[in-house]
Structure formats: structure tokens, C-alpha cells
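Each value in this text was obtained by applying a stated rule to the coordinates, not by laboratory testing. Quick caveat, the model's predicted, so the values are computed rather than measured. Note that we place each Cβ from the backbone using ideal geometry, even for glycine, and neighbour counts take in every protein chain shown.
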Amino acid sequence: MSNKQAEHDRLVALLNAANFAYFNGKESHVSEPVRDQLKQQLIALEAANPELISPKSPTQRVGAPLGGRLPKVPHLTRKWSLSDAFDIDELREWTTRMERETGRKIELSIEPKIDGINATLHYENGVLTRAVTRGNGQIGEDITHAIRTISGLPLTLSEPVTAELTGEVYIRKDDFATLKGEQFANPRNLAAGSVRLLDPKIISKRHLRMRVYHLGQHNMATPPATQTALYDWLQAMQIPSLAPVWVGANAEEAINFCAGFASQRDQFPFEIDGLVLKVHDLETREQIGFTAKVARGAIAWKFPPTEAVTRLKAVMWQVGRTGVLTPVAELVPVLVDGSRVSRAILHNRVDMKNKDLRLGDHVVLVKAGDVIPAIEKPLKELRDGTEKQIEIPQDCPNCTAVLAEDEMRLRCENINCSAQLQARVHWEGVGYGWTGSKNGRITIAKWAC
């Protein structure tokens with residue numbers, strides 16, 4: 001087996017397990033941002049080596065394998081995934097393609113991407129008859145009993161319409177906070193697990209909610225013409241939707257809106273992980289069509305991740321002002337929360353041992369707020385046998401003095417160690433308003449208030 005094939009197989013196995021957990025409300029040690037990045041790695045690997053593509057690859061399916069307890073139901077119309085854009089260039093490439101294919105400037109609707117579970121409602125003659133998960137895009141699971149517990153969703157419409165409506169089932173952030181005892185990592189996992197419970201009395205205590213955003217098969221003589229018109233009709237039917245939707249008159253307006261939106265994500269009562277851009281005119285969107293997996297007339301703009309996957313290249317040992325050695329991880333540069341990161345602080349040798357870190361590992365890097373990024377864990381599933389143990393120094397990497405050690409730390413006890421002296425000068429200079437230059441000279445500077 002070639003190295004590329006082995007790498008592909010490891011990524012496929014890890015992603016399939018993560019996808020099953022994500023779509024079926026199970027606990028997973030891989031977060032959604034990490035799952036997204038691993039998926040992009042797999043896509044790039046298959047693009048460069050198309051002979052590796054197999055039916056088992058998650059790039060070849062919509063959704064994830066179905067669970068085993070609920071009845072399986074075929075969808076009336078195929079359910080599609082969305083392509084993801086992670087930077088402005090990818091977003092601009094998509095909008096340019098839409099304008100090239102339609103031959104004109106196009107309006108784009110933009111709405112929040114709820115981090116919930118996709119579900120489709122079947123109304124027959126105005127009566128809710130069935131609710132189905134997305135499943136693998138062609139067959140889903142019957143969750144009608146769970147959806148009927150959503151108090152804000154009408155069981156009967158004011159018009160005898162027959163329609164297939166798709167949206168997102170979710171749990172509000174404040175409701176999730178009151179359900180801490182449920183032991184779910186986040187609201188999305190709790191929602192996905194709740195719809196698969198069999199007892200409606202228990203499900204009703206989870207306070208499920210739903211927002212509808214797509215019209216599928218229907219019998220309307222005059223269907224809505226735009227995304228805005230669809231939301232107007234949903235509101236008239238008292239079906240909860242994502243209205244109001246923001247509409248950009250052209251691609252550049254939409255791109256500018258997305259670029260400045262990330263800071264507003266906390267304004268919503270539910271978790272969102274990005275924005276969805278859609279060709280506003282529904283007929284045009286339908287004409288643009290689909291690939292084997294995704295709807296081409298829409299795209300998900302993902303917020304910058306606070307977690308990332310990268311490779312651990314080396315560990316350097318930094319000598320502080322008291323002589324304590326701090327391990328510093330040297331990483332393959334990666335974007336985390338909008339910043340390019342190539343280093344991360346490791347707490348101490350015990351922390352490295354407990355995490356079983358090795359040189360060459362794929363590692364999960366986490367950044368919370370303005371905190372220095374930290375390595376959370378290695379992805380052991382992606383090891384190929386070339387990883388190496390991290391060597392613990394016996395001598396000071398600066399002055400070569402023999403190191404003293406306790407249970408947690410290594411320490412250089414040479415008080416004349418130049419690394420310690422330089423660190424002390426820098427620390428004291430910060431405290432008293434001094435600055436130290438690279439050549440060791442000290443200059444007095446005013447304290448900035």
C-alpha cells in the first residue's frame with residue numbers, strides 16, 4: 001500500500017466516524033472546525049490523486065450513515081449538501097462563477113447558518129404528516145414524533161397546501177444552559193440526540209425548535225419567486241423561518257457583508273457557525289443545478305475557526321528569568337481565529353507525556369479569545385509510524401549547565417546563564433517602562449497609559 005493510499009484510508013476512517021457522531025448526536029472527540037479542516041485535507045488529497053477516491057469516502061456522500069432505531073423514509077426530492085468557503089477568495093470565486101453562468105449581476109440572499117440538525121417536513125392538504133432527517137440525502141429517518149413536540153410549529157396550515165419544507169432543528173443557547181445535566185458537548189449534539197429519542201414526553205423537555213428555509217416539492221399554483229417571498233409565505237402560514245433575510249444587490253455587496261459579520265455571531269439566541277449565501281431568485285437557483293453532492297446555487301461561508309489541525313514539527317526549550325525551561329511547539333503554520341500561528345506554548349514535560357505528543361503528529365490547536373494558542377491533543381488515528389518521541393533535555397539549551405528537575409519542571413540553576421539574564425532584563429524593563437533591544441542595550445521609554 002502506498003503512503004498516499006494509507007494517508008487517505010486514515011482520513012476516511014476518522015472522518016466517517018466523526019460524521020456518524022455529528023449527524024447522529026453521538027459524542028465525538030473531533031470538533032466541527034477540526035472535522036471541516038480534515039475534510040478539506042481529504043478533498044485536496046483526492047483532487048491531486050483521483051485514483052484514491054472510493055465509495056467509502058465522505059466526499060462521495062451527503063450526510064452520514066443512518067442510525068438503526070428509527071424507520072427509514074425515502075425523500076420526495078434529493079437533499080443536497082453545501083460547498084464551504086473559508087476565506088474571501090473562495091467566496092469571490094463562487095460569486096464570480098454564479099455571475100458568469102447566469103450572464104448578469106445577481107442578487108444574493110444571506111442568512112445565518114444554524115448549527116443544528118437538518119430535517120424535512122411533509123404537509124399534505126395543510127396537515128403535517130411526516131418529518132424526516134436528511135440522512136444520506138436520499139433516505140432519512142422518521143422523526144415525526146419528535147417534531148410534533150415543537151410548540152412553535154403548526155400541525156395544520158391555514159391553506160390546504162401540499163409541500164415539502166426543509167429547515168434546521170436546534171436548541172437555543174439559554175435552553176441548553178438549563179440542561180447541563182444532559183452531558184452533551186453543545187446544543188447541536190443535544191438536538192441531534194433528542195430527535196432520535198423514542199419517548200415524546202422526554203423529547204418535549206428538551207425544548208426543540210425549528211426554522212424553515214427551503215421549499216421542495218409542492219402543489220402551489222403560484223409559488224414564491226425569491227427567498228424573501230418564500231419567507232413571507234412561511235410567516236403567513238405561521239411557520240418559523242429565518243426571516244428577515246439580508247439581500248445583496250450584487251456579489252461585492254454580499255462579500256463585504258460576510259467579511260464584517262463574524263463579530264455579530266453572538267447576537268443570535270442559537271448557535272451559528274457561518275452564513276449561507278443563496279442566489280435570491282428561486283428559479284435561477286434551480287436552473288444553476290447541482291453536482292453529484294452539492295447545490296451549486298448556494299454556499300456556506302464559515303467563520304474563522306478557533307480550532308485548527310496542523311503538524312508538530314519540533315519542540316524548542318525556552319529558558320525563563322527564573323531558569324525554568326518551557327517547551328515551545330514549532331508548528332506548520334495554520335490560521336486560527338483569523339491569525340497565522342506557527343508556535344504554541346506547551347505547559348511542561350508532564351503535560352506533553354499525558355497527551356502522548358510526538359514529533360510529526362497531527363495536533364488540534366485551540367485558541368480561546370486572546371489566549372495564546374495551545375495544543376489540545378494529537379490525532380493518533382492519523383499516525384503513520386514515522387512520528388518520533390520528544391526528547392527531554394538533560395542540559396540547558398543555552399549554557400549547557402546540567403539541569404535540575406522536579407516532578408513538573410526542568411530548571412537551569414546557573415545564575416549567569418545569559419538566557420536568564422536577558423529574560424530578567426526584559427521582564428524588569430516591562431515593569432518599569434524600559435525596553436530592551438536585541439543587542440542587549442537598555443533604553444528608557446515612557447509608560448504608555
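Within straight cross-link reach of K355, meaning Cα distance under 18 Å, which lysines are found once same-chain residues fewer than 8 apart are removed? Within reach: K313, K367, K377, K380, K388. From its DSSP helices (H runs of at least four residues, each -39,500 (n - 2.57)), the chain gives a residue-normalised ellipticity at 222 nm of -8000 deg cm²/dmol. Put simply, the amide H of V73, placed in the peptide plane, has neighbours under 5 Å in G140, E141, D142, leaving out anything fewer than 5 places away on its chain. The residue list G126, V332, I375 was ranked by how far each Cα lies along the charge dipole of the chain toward its positive end, using unit charges on Cβ atoms, and I375 comes out on top.
Taking a ≥ b ≥ c as the square roots of the Cα gyration tensor eigenvalues, with a/c under 1.5 meaning rounded and otherwise prolate when a/b beats b/c, else oblate, which class fits the range 188-329? Numbers along the way, then the final one.
Values: a/c = 2.63, a/b = 1.70, b/c = 1.55.
Here the range 188-329 falls in the prolate category.
Our summary of shape: the Cα atoms of the range 282-355 have principal axis extents of 69, 22, 17 Å, ordered from largest down, in whole angstrom. Amide H contacts of G216 (H built 1.01 Å from N, in plane; Pro and chain starts excluded): E164, L165, T166 sit under 5 Å, all sequence-distant by 5 or more or on other chains. If you work out Cα extents along the principal axes in Å from the coordinates, which of (1) 89, 53, 45; (2) 87, 49, 49; (3) 99, 52, 50 do you get? Recomputing Cα extents along the principal axes in Å here gives the entry labelled (2).
Would the range 72-302 count as rounded, prolate or oblate if I go by the C-alpha gyration tensor, calling it rounded below 1.5 in a/c and otherwise prolate when a/b exceeds b/c, oblate otherwise? Verdict is oblate for the range 72-302. Karplus-based coupling profile of the range 153-165, in residue order and whole Hz: 9, x, 7, 9, 8, 7, 10, x, 8, 10, 7, 10, 10, with θ = phi - 60° in 6.51 cos²θ - 1.76 cosθ + 1.60 and x standing for Gly or Pro.
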